[in-house]
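Colleague: The structure follows.
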Amino acid sequence: MEIRTRFAPSPTGFLHIGGLRTALFSFLWARKNSGKFILRVEDTDKARTVPGALENIVQTLTDFGLTPDEGFYWDNGLKSRGELGPYLQSERLDIYKKHAEELVSNKHAYYCFCTEQRLEQSRKEQQEKKLPPKYDKHCLNLTADEIKSKLSSNQPHVIRLNVPSDQVVRFTDLVHGEIKVSTNDVDDQVLLKSDGFPTYHLAVVVDDHLMNITHIIRGEEWIPSTPKHILLYSAFGWESPQFVHPPNILAKSGKKLSKREGDVAVKDFLEKGYLAEALLNFVAFLGWNPKTEQEIFNLRELIESFSLEKINRSGAVLDFDKLDWINGLYIRNMKIEELFARVVPFLVKAGIKTENYPKSFLEKVLLLEQERLKKLSEVGERVKYFFEDPQYDPQLLIWKKSDKKIILDNLQKLQNFLQTLPSEKFAKESIEREVKQFIESQGMKTGEALWPLRVALSGLDASPGPFEIMDVFGALSEGKEIILKRLNRAAEILF
Ligand code: GLU
């Protein structure tokens, strides 16, 4: 049997971390089994639809390499393919209606004409009696003639599931094991609303069945809805698919993450400078674990290692330190040209006019920071000193307990010495050799020479060493001049 999974987002917001995890697990399980991954869009709640959300969800999945085999995908715009469509629920209304009516005719569902006021009244009474609010099956007692006349006079109505009393609904969740619920705790769920739209429960069951879904993988928050779905499968006489509910994603505080919190939108993570491949690697571990030491996985390796048994039961905690660590690792392992291409937008955002500098220089700047960078968005702040003259703290220029006069003297001597060197010498090995020889010949203490030199070049408390910085400036035709100017300004400040 072909394994078929689906991701079924509602376009009520941009793709968030939880959605990405659901999509990833569904994708992995399909790929692992040479099956199919379907993207269906559940847009039956028109009031909550957010413009642009559908496009964002589909495009982001494609950016992450999670391209659906059927349903919506992104290829220079929103496209859809597959034999079992349409894949947009609002285009399937007649299918839901037909199925809801089928349930009415075999008594698993019934028409309900109750007004909002009556429902409100009955809810109030239940609350007063401290009973859980449930529909009281009032309309189940209507006679065939009454129903007929109400329908022919176009009275507003819904179709409700007729949940039998005193039965036990059971299903096996592949993560959580057997789950049992008494039907006495299940409401007569509305299946078809008065505007002809299905509720989520009807639409999800009909579509998962008609689209031959074998494994429903979705967040734990859908477990309470599953008994209703099981009742629907049996009312239709259909075999239900396998259910897999990975654990909720929790914030470090232990609270459940909500997609309404803007900071869990995938787009925000990408804008903060997390790499898609690092984020995907991180998200894979939210509720799954390969049960080995390996922590770094590309998509192909994830497909190989993924299995449903390795999904954990308990909450997956979003640990941003771990994300930073993984992201830093991906950045370090990246080829410089690739890193460069990805970093340019962040440099531009930081106000650096990249078009005014040769690529060789920009790449060298990056190479210097590649080791330390955790997020691409940090890059502007880190490399700013290459592009604008530093502001010096005179105290910082002075090495430990050294004397201002010595430092000033050393800086001036170094400046004069560097002045005599030809520009070609401003490359890592040669400049290091020359400067070290000079320091020795002058009897300077290393710290008293190299510390102020470094601070004069970067203005920073912590930065790469002076030879590395000079080597980078060496890639600019005016590099030597910049270096001398900085030494001069630092000396002036100390003077
Ligand atoms: N449309 C639901 C959502 O927005 C999908 C639930 C499911 O996968 O069954 O999350």
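Colleague: For Thr12, enumerate residues with amide H under 5 Å from its amide H, sequence gap 5+ or separate chain, H modeled in the peptide plane.
Modeller: Close amide H contacts, sequence-distant or interchain: Val50.
Colleague: Let me ask another. Can you list the HN-Hα couplings for the range 108-122, worked out from phi with the Karplus curve (6.51, -1.76, 1.60; θ = phi - 60°), rounded to whole Hz and with x for Gly and Pro?
Modeller: With coefficients 6.51, -1.76 and 1.60, one gets 8, 8, 8, 6, 10, 10, 4, 7, 4, 4, 5, 5, 4, 4, 5 Hz.
Colleague: Then there is this: Working only with C-alpha atoms, what are the Rg and Dmax values of the chain, expressed in angstrom?
Modeller: Calculated on Cα positions, Rg and Dmax stand at 32.3, 111 Å.
Colleague: Another question, if that's okay. What ranking of Phe269, Phe113, Phe25 emerges when the number of other C-beta atoms within 10 Å of each C-beta is taken as an exposure proxy, fewest first?
Modeller: Going from least to most buried by this count: Phe113, Phe269, Phe25.
Colleague: Let me ask another. What is the gain in length, in nm to one decimal, between Glu128 and Ser225 on full extension, counting 0.36 nm per residue of separation less the C-alpha to C-alpha distance?
Modeller: Extra length available between Glu128 and Ser225 comes to 32.4 nm.
Colleague: Could you grab the relative contact order for the range 240-325? Cα pairs under 8 Å, six or more apart, rounded to a whole percent.
Modeller: 44 percent
Colleague: Continuing with this model, one more query. Pick out, in residue order, every one of the trypsin sites (Lys or Arg not before Pro) in the range 344-443 that is DSSP loop and has at most 16 other C-beta atoms within 10 Å; say none if there are none.
Modeller: Lys353, Arg372, Lys400, Lys401
Colleague: Using 1/(1 + (r/R0)^6) with R0 = 22 angstrom and r between the beta carbons of Lys404 and Lys445, what's the FRET efficiency to the nearest 0.05?
Modeller: About 0.90, to the nearest 0.05.
Colleague: Before anything else, pin down the relative contact order of the chain: Cα pairs under 8 Å, at least 6 apart, normalised by residue count, whole percent.
Modeller: 12 percent
Colleague: Additional query: Measure nothing but the geometry: give the 0 to 90° angle between the long axis through the Cα atoms of 446-458 and the longest principal axis through the Cα atoms of the chain, rounded to 10°.
Modeller: With rounding to tens, the tilt is 50 degrees.
Colleague: Then there's this: Could you work out [θ]222 nm for the chain from helices alone, using -39500 (n - 2.57) per DSSP H run of at least four and dividing by all its residues? Round to the nearest 500 deg cm²/dmol.
Modeller: -13500 deg cm²/dmol
Colleague: A further question on this structure: Apply the Karplus parameterisation 6.51 cos²θ - 1.76 cosθ + 1.60, with θ equal to phi minus 60°, to every residue of the range 2-8 and state each ³J(HN,Hα) to the nearest whole Hz, in sequence, with x for glycine and proline.
Modeller: For the range 2-8, the Karplus curve yields 6, 7, 10, 10, 9, 10, 10 Hz.
Colleague: Among DSSP bridges having both ends in the chain, what percentage is antiparallel? Round to the nearest 5.
Modeller: Percent antiparallel among DSSP bridges in the chain is about 60.
Colleague: If you don't mind, there's one more thing I want to ask. Note the angle between two axes, namely the Cα long axis of helix 479-494 and the longest principal axis of the Cα atoms of the chain, as a number of degrees from 0 to 90, rounded to the nearest 10.
Modeller: 80 degrees
Colleague: What are the residues whose amide H is under 5 Å from the amide H of Gln242, where those residues sit 5 or more places off or on another chain and H is modelled from the backbone?
Modeller: His215, Ile216
Colleague: Rank these for me by crowding, Val344, Val163, going from fewest to most other beta carbons within 10 Å.
Modeller: Starting with the residue having the fewest Cβ neighbours, the order is Val344, Val163.
Colleague: Provide the per-residue ³J(HN,Hα) series for the range 421-437, in order, calculated from phi with Karplus coefficients 6.51, -1.76, 1.60 and θ = phi - 60°, each as a whole number of Hz, with x at glycine and proline positions.
Modeller: Working through the residues one at a time gives 7, x, 3, 4, 6, 7, 9, 2, 5, 5, 5, 5, 4, 4, 5, 5, 4 Hz.
Colleague: Can you list the lysines whose alpha carbon sits under 18 Å from that of Lys79, skipping same-chain ones fewer than 8 residues off?
Modeller: Correct list for Lys79: Lys36.
Colleague: What is the extension gain from Glu120 to Lys485, computed as 0.36 nm multiplied by their sequence separation minus the C-alpha to C-alpha distance, in nm to one decimal?
Modeller: Computed gain between Glu120 and Lys485 is 123.5 nm.
Colleague: Going by C-beta contacts inside 10 Å, put Val58, Val206 in order with the fewest on the left.
Modeller: Ranking Val58, Val206 by Cβ neighbours within 10 Å, fewest first, gives Val206, Val58.
Colleague: Aspartates and glutamates within cross-link reach of Lys485: Cα-Cα under 20 Å, excluding same-chain residues under 8 positions apart?
Modeller: Reachable aspartates and glutamates: Glu388, Asp389, Asp393, Asp409, Glu424, Glu432, Glu434, Glu448, Asp461, Glu468, Asp471.
Colleague: Another question about this same structure. Could you compute the FRET efficiency for Leu210 and Lys353, with r as their C-beta to C-beta distance and R0 at 56 Å, rounded to 0.05?
Modeller: Efficiency at R0 = 56 Å is approximately 0.50.
Colleague: Going by Cβ distance under 4.7 Å, what cysteines of the chain have no possible disulfide partner?
Modeller: When partners are defined as cysteine Cβ atoms under 4.7 Å apart, the chain leaves Cys114 without one.
Colleague: Using a cut-off of 29 Å between alpha-carbon atoms, which lysines can reach Lys256, once sequence neighbours fewer than 8 places away in the same chain are excluded?
Modeller: Within reach: Lys46, Lys130, Lys134, Lys180, Lys228, Lys267, Lys272, Lys291, Lys310, Lys322, Lys374, Lys375.
Colleague: Please list the non-local residues whose amide H lies under 5 Å from the amide H of Asn248, H modeled 1.01 Å from N, same-chain partners needing a gap of 5 or more.
Modeller: The list, which skips near neighbours in sequence, is Glu220, Ala316.
Colleague: With Kirkwood's inverse mean 1/r over C-alpha pairs for Rh, give me the Rg to Rh ratio of the range 143-254, two decimals please.
Modeller: With Rg and the Kirkwood Rh in hand, the quotient comes to 1.05.
Colleague: So if a site counts as exposed when it's one of the GluC sites (Glu not before Pro), its DSSP state isn't H, G, I, E or B, and it has at most 10 other Cβ atoms within 10 Å, what's the longest stretch of the chain without one?
Modeller: It works out to 84-238.
Colleague: Using 10 Å bins from zero, what percent of all Cα-Cα pairs in the range 387-495 falls into each bin?
Modeller: Taking all Cα pairs of the range 387-495, the binned fractions are 16, 54, 29, 1 percent.
Colleague: Can I ask one more? So what is the relative contact order for the range 1-102, in percent, with contacts set as C-alpha pairs under 8 Å and at least six apart?
Modeller: 28 percent
Taken together, the values in this text are just the output of simple stated rules run on the coordinates, not laboratory data. The structure presented is a predicted model; accordingly, all values stated were derived computationally and were not measured. Counting neighbours? That spans all protein chains shown, and the Cβs are built from the backbone with ideal geometry, glycine included.
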